[in-house]
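First comes the structure, then the notes that go with it.
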Amino acid sequence: MLHKNRRKYPRVPTDVKVTCEHGADSFSRYTLNVSQGGIFIRTREPLEIGTTIKAEFTLPSIGHTFSIEGKVVWWKAQGNESGDAGMGIEFTDISKKDSGLLRQYVLESQITRQRY
């Protein structure tokens with residue numbers, strides 16, 4: 001399934017381990033990027049659009065563990081010429097503190113990337 005670029009928040013490349021729970025299933029994968037509103041999880045076996053998950057991850061330089069709930073809003077199949085296979089997760093339940101920390105992380109990452 002192709003994703004139309006309708007990003008509400010800026011994203012930054014971020015490669016961190018994320019542990020997800022979906023019903024009784026649990027799995028760990030790695031992110032490709034993160035924003036204040038969601039994450040892209042690299043996987044060759046994306047969940048169906050609309051599937052809800054619980055996810056937990058820690059971002060570098062913050063040292064804070066984020067525990068969020070989200071839903072799959074799009075996915076990209078393996079072998080797609082536009083990059084890594086995976087699924088886009090939109091946060092549906094995130095604390096104000098976590099949202100603020102993500103906003104700060106994205107902003108600081110963008111500033112750092114502009115310097116180099």
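Place a +1 charge on the Cβ of each Lys and Arg in the chain and a -1 charge on the Cβ of each Asp and Glu, then give the dipole magnitude about the Cα centre in debye, rounded to the nearest 20.
For this selection, approximately 520 debye.
Given 0.36 nm per residue, what is the gain on full extension from residue 28 to residue 44 after removing their alpha carbon distance, in nm?
Net length gain for the segment: 4.5 nm.
Can you tell me, using C-alpha contacts under 8 Å and at least 6 residues apart, the relative contact order of region 39-116 as a whole percent?
RCO, region 39-116: 30 percent.
Per DSSP H run of n ≥ 4, the term is -39500 (n - 2.57); total these for the chain, divide by its residue number, and report the mean residue ellipticity at 222 nm rounded to 500 deg cm²/dmol.
-6000 deg cm²/dmol
Mind listing the long-range amide H neighbours of residue 64? Cut-off is under 5 Å, sequence gap 5 or more, other chains count too, H placed in the peptide plane at 1.01 Å from N.
Sorted by chain and number, the residues that satisfy this are 59.
Collect residues whose amide H, placed 1.01 Å from N in the peptide plane, falls under 5 Å from the amide H of residue 38; neighbours closer than 5 in sequence don't count.
Answer set, sorted by chain and number: 91.
In what order, largest first, do 64, 22 sit by accessible area if the probe radius is 1.4 Å?
22, 64
Under 37 °C and 0.692 mPa s, how fast does region 40-116 diffuse according to Stokes-Einstein, given a Kirkwood radius computed over C-alpha pairs? Answer in µm²/s, whole number.
D = 236 µm²/s.
Please sort 87-98, 35-46, 103-114 by packing, taking for each peptide the average over its residues of neighbouring beta carbons within 10 angstrom, highest first.
35-46, 87-98, 103-114
The values are calculated or read from the model by the stated rules, or taken from the named source; none is laboratory data. Everything numeric in this text was worked out from a predicted model, so none of it was measured. Because the Cβ atoms are built from the backbone with ideal geometry, glycine has one as well, and the counts that use them run over all protein chains shown. Just so you know, the surface numbers come from the protein's heavy atoms only, side chains and all, with ligands and any DNA or RNA stripped out. Shrake-Rupley method; radii C 1.70, N 1.55, O 1.52, S 1.80 Å.
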